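No value in this document is a laboratory result; all are computed from the given coordinates. Just so we're clear, the structure is a prediction, and the values are computed from it rather than from any experiment. FYI the Cβ positions are ideal-geometry reconstructions off the backbone, even for glycines, and counts take in every protein chain you see.
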């Protein structure tokens, strides 16, 4: 949940996530941890396997050692430095208006996929080749865009937050 991760930063939480959404843009290795390299796979089982292997590798080699590395006073200085860097470099990235706009965008995407599944029957299809998925999604996008254009003519333009 990208937005939740951004709010967690304000509480001193370090981010550990796959490289997508806002984290793909913000991650530089100095204020959190990344699962994977940002690549995805069309086969869920393969993607899950890669993500699980990467998560375990990051936990074992980066997160746990950094957290348990303590000085004579028992303080995890590298962990604390990560938290400070996270607060200093990530906390300012989005305003409240931008967060609301992102939530609205996510809602629109959820509605789009709901339409794909229920109205257009996307959930009934099983594809073996990714090219067929791409063609189907292109057709669905054209359909939704036409539908939105049609509605805009009757309801007027939609105003986005800036």
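Subtracting the Cα-Cα distance of residue 112 and residue 28 from 0.36 nm times their residue separation leaves 27.1 nm of extension gain.
Label separation (residue 105 vs residue 131): 3.2 nm, computed from points 7 Å beyond Cα along the C-beta direction. With the highest mean first, a sort of the peptides 33-44, 70-81 on other beta-carbon atoms found within 10 angstrom per residue produces 33-44, 70-81.
With the simple spin-label model, which puts each label point 7 Å out from Cα in the Cβ direction, the residue 67 to residue 8 separation comes to 1.1 nm.
Calculated FRET efficiency, residue 141 to residue 98, Cβ-Cβ distance, R0 = 25 Å: about 0.50 to the nearest 0.05.
Taking every alpha-carbon pair within the stretch 2-90, the share separated by more than 22 Å comes to 31 percent.
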